[in-house]
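Here is the structure we will look at.
The values are calculated or read from the model by the stated rules, or taken from the named source; none is laboratory data. Note that the structure is a prediction, hence the values are computed from the model and not measured. Cβ coordinates were reconstructed from backbone atoms using ideal geometry, including for glycine residues, and neighbour counts include every protein chain displayed. In case anyone asks, the SASA skips ligands and DNA or RNA and just uses the protein heavy atoms, side chains included. Shrake-Rupley method; radii C 1.70, N 1.55, O 1.52, S 1.80 Å.
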Amino acid sequence: MDRRKFLGVAAAATGMAGLPDIAEARHGINAGLSTSDGGGLAYLDGAFERHRGGYRGRPPSEVLGQMKGDLDLLRELLGRPHPAAVRKDLARTAAGITGLVAIIQHDRDDQRDAVGWFATAEQAARESGDRHMLAWVLSRHAMVPLNYGAPHAAATMAIRARAEAGRSPSAAGALAAAVTARSLASVGDREGALRAVADARAAAARLDSVQGADTWFGYAPQKHHVHLSQAFTLMGRTREAYVEQESALALTKSPSVMTRALIAVDRAVCVRADGDPATAADLAVSAWLQLPAAYRDGLVRSRVESLCQSLPGRPGSTLRDALTSR
C-alpha cells in the first residue's frame, strides 16, 4: 500500500483524522528542544505593538481586561532564565506593557495602582538599558501627580525624564518637554513653562514618522496640541490655548472620546478665564452629557470638578447638577 494512503487509513482508524487540539504536544516538543521560550516572546512583542495603539474608542476597563492574559504570560516568562540579550529585550517589552497598564489606571483615577505600575515599568526600563523607554515611563508617570494635584512633584519627574531622553530627537523627549511645560504652568512659573513649550515645539518638529506615530508611545501632532492646550490654559493665555484646541480637534479622530472631552473642558476653563462663567458651564455640561458612562470617572471627572469649583452661583450649580446626574 502507498505510504501516504496507509497513514491516512491509520489516522482514521485511531480517531486522529478529526485533528484534535495539538497545542499541548507542541508545547511539550518546544520544552524538549529549548528553554528560550521564543514563541511566547514573539507573541508578547506583537501584543505590545497591538496594545500601544491606544483606546481607539474602547473604554479603559475593557482595554485593561483584554490585557490580562498578556500580563499573565509576561509574569511567567520573566520567571524563567534567558540569555542576557533576550532578557534585555524582554525587560523592554515588560516596561512598555506595564507602562500601558499604568496609563489606563491613571485614566481610571486609580492613582495608587498607577504609581505602582509605573514603578514596575521604571524598574524594567532600567534593566533593559533603553534610556528612551525610561524617559517615556518617567514622562508618563509625571502625569499622575500633574493631573491629580501635585504639580511640583510632576515637574521634578518631568525634568528627570528630559535628562534621560538626551538631545537626540525622540517622542519621549518631546513628551517630557510638554509635560514640563504643563507642570511649570501649574505651579505658576510662566517663564519656565514658555521655555518648555518652545522646547516641545522644537522637539516635535524634528520627529520622524515613527516617533510621531499616533500611539501611546509616539508623540503625534494631535497629542502635541492637546498638551500645549493644557499648558496655555493653565497659564491663562487663552488666545494661544484656543489655537491649540482648534489644531487638536482638527487632528482628532472620532473614536477619541476622552481626548475630545478634555479639549472641551480646556475650552470651558478658558471661557471662564475670559469672564463668561455661564457659557463655560454650558460648554462643560454639554461635553459631560455627551460622554459615555464608561468615561465619566477618572481624569475627565477630575478636570470637570476642578472647573466646577471655580464657577460662581448658578453656573457652578448647573455644572454640579450635571455631575451628580446619571
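Can you give the accessible area per residue of the chain, in Å², using a 1.4 Å probe?
On a per-residue basis, the chain sits at 50 Å².
Using R₀ = 25 Å, calculate the FRET efficiency as 1/(1 + (r/R₀)^6) where r is the Cβ-Cβ separation of V115 and Q66; round to 0.05.
FRET efficiency, V115 to Q66: 0.65.
Along each principal axis of its Cα atoms, how long is region 44-91 end to end? Whole angstroms, biggest number first, please.
For region 44-91, the Cα extents along the three principal axes come out at 39, 17, 11 Å.
Using only Cα atoms, find the angle between the long axis of helix 131-147 and the longest principal axis of the chain, and express it within 0 to 90 degrees, rounded to the nearest 10.
Approximately 50 degrees, to the nearest ten.
Sum -39500 (n - 2.57) across every DSSP H segment of at least 4 residues in the chain, then divide by the residue count to get the 222 nm mean residue ellipticity, nearest 500.
After summing the helix terms and dividing by residue count, I get -24500 deg cm²/dmol.
With all protein chains present, calculate the accessible area of V285 using a 1.4 Å probe and round the result to the nearest 10 Å².
20 Å²
How tilted is helix 190-205 with respect to the longest principal axis of the chain? Cα atoms for both, answer in degrees (0 to 90, nearest 10).
40 degrees
Would you mind checking the radius of gyration and Dmax of region 186-277 based on alpha-carbon positions, in Å?
Radius of gyration, then largest Cα-Cα span, for region 186-277: 13.4, 42 Å.
For region 69-170, treating each Cα as an identical point scatterer without solvent, what Debye log10 I(q)/I(0) comes out at q = 0.19 1/Å?
-0.90
Give the angle, between 0 and 90 degrees and rounded to the nearest 10, that separates the Cα long axis of helix 277-290 from the longest principal axis of the Cα atoms of the chain.
Value to nearest ten degrees: 20.
Restricting things to alpha carbons, find the Rg to Rh ratio for the chain using the Kirkwood radius for Rh.
1.11
Regarding region 208-326, what is the average projected area of its C-alpha convex hull, in nm²?
So the Cα hull casts an average projection of 7.4 nm².
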